[in-house]
Amino acid sequence: MSTAAATRIVKTFKSTARSFSSVGYRKPYNSSIKTKSPSFEATSNPWDHVYGVSSVLSALKAKKRQTLDTVYIQETDEKKTTQKKDSSLISEILSIAKTENIHAIAVDKGRLNNLTDNKPHQGVVLKASPRNPIEISVLSAINGSEYEALPRINKRGSEQDRETKSASAASIQFKTPTSRMPFWIALDEVQDPQNLGSIMRTAYFFGVDGVLLCSKNSAPLSPAVSKVSSGAIEMMDIYSTPNLVKLLKESHANGWEIVGAAGDANPSLNLSQFRDACQKPVILVLGNEGTGLRTNVKNGCNAFVSIPSAIGDASFNGSVDSLNVGVAAGVLISTALF
């Protein structure tokens with residue numbers, strides 16, 4: 001892109017941002033928050049500051065966050081050129097913001113750095129409500145070409161309250177894929193945002209049917225995870241449960257194979273056997289970066305799979321005795337689905 005073209009984008013944005021500020025446009029999606037300040041100083045909860053071109057654009061297009069409040073774009077030195085791809089995507093971001101009446105303002109790089117703790121924001125930040133997973137309690141049996149996830153009912157309150165909540169809570173309906181059985185992954189306390197984001201990107205790319213997180217001791221769906229996932233968490237539904245063991249056991253009773261990824265399990269399936277096991281509906285369980293699967297989670301698995309190493313039985317292999325959980329997820333997901 002020429003310097004003149006890049007300059008036109010910046011000038012157009014500044015004009016658009018001024019017009020947004022003058023009329024005080026706000027995002028209409030939110031049904032619970034009636035008034036919101038667009039000032040960048042409001043950086044604490046309940047706000048996330050999503051950063052990076054892909055993540056921001058995905059969040060604006062998917063609209064899975066309850067509130068999309070403000071887009072911040074970095075003021076650009078008109079003497080500098082902008083990469084053609086980023087300029088095009090930023091123009092698309094501004095176009096969506098204008099169409100959807102989302103507040104947009106130009107700020108300097110320092111303010112964007114403050115909003116993102118100096119993360120690589122690529123000159124664009126979106127102030128939005130957090131990306132929260134959907135709590136479920138169990139996956140049902142396959143019924144023809146359909147199955148469902150039952151919502152989790154909070155057991156606090158009176159029996160009447162619980163019955164009322166149970167009656168009003170709708171199950172989540174799923175269609176089975178046309179050429180295979182459903183395939184989900186469950187993450188047992190994966191705590192590194194880099195690993196979580198990597199797994200989410202892989203799951204979205206390969207078309208995993210569902211991703212399930214532990215409610216406790218797992219990395220949150222933070223802006224950092226969104227950036228690493230290249231915006232995948234903005235476009236996919238993500239589920240959680242406070243009791244992973246219970247969900248696994250009850251789902252197994254409904255016909256799901258629960259396969260844990262554990263290199264030290266004996267016996268364990270090889271990759272060919274694992275692919276065969278995916279002729280049934282499967283939940284693949286991946287463990288924590290340091291400790292792997294917890295003992296009680298292992299007890300909820302009815303089979304295990306391991307990825308063979310080419311190193312063999314050498315007496316010293318350095319620290320390379322297993323794969324990173326994000327890499328292992330990629331190997332196993334691709335094996336199951338392709």
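Structure data summary
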read-out: Heavy-atom accessible area per residue - region 48-128, 1.4 Å, Å²; value: 44
read-out: Surface share of carbon and sulfur [accessible, 1.4 angstrom probe, percent] for region 48-128; value: 41
read-out: Two-site FRET efficiency, Glu100 against Asn299, from Cβ-Cβ distance with R₀ of 45 Å, rounded to 0.05; value: 0.40
read-out: Charge dipole of region 48-128 about the Cα centre (unit charges at C-beta), most positive-ward option of Ile73, Gly110, Ser87; value: Ser87
read-out: Anisotropy class of region 240-308 from Cα gyration tensor, a/c 1.5 cut; value: oblate
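The values are calculated or read from the model by the stated rules, or taken from the named source; none is laboratory data. Note that the structure is a prediction, hence the values are computed from the model and not measured. With ideal geometry, Cβ positions are generated from the backbone for all residues, glycine too; neighbour counts draw on all protein chains shown. Accessible surface is based on the protein model in full, side chains and every heavy atom, while ligands, DNA and RNA are left aside. Shrake-Rupley method; radii C 1.70, N 1.55, O 1.52, S 1.80 Å.
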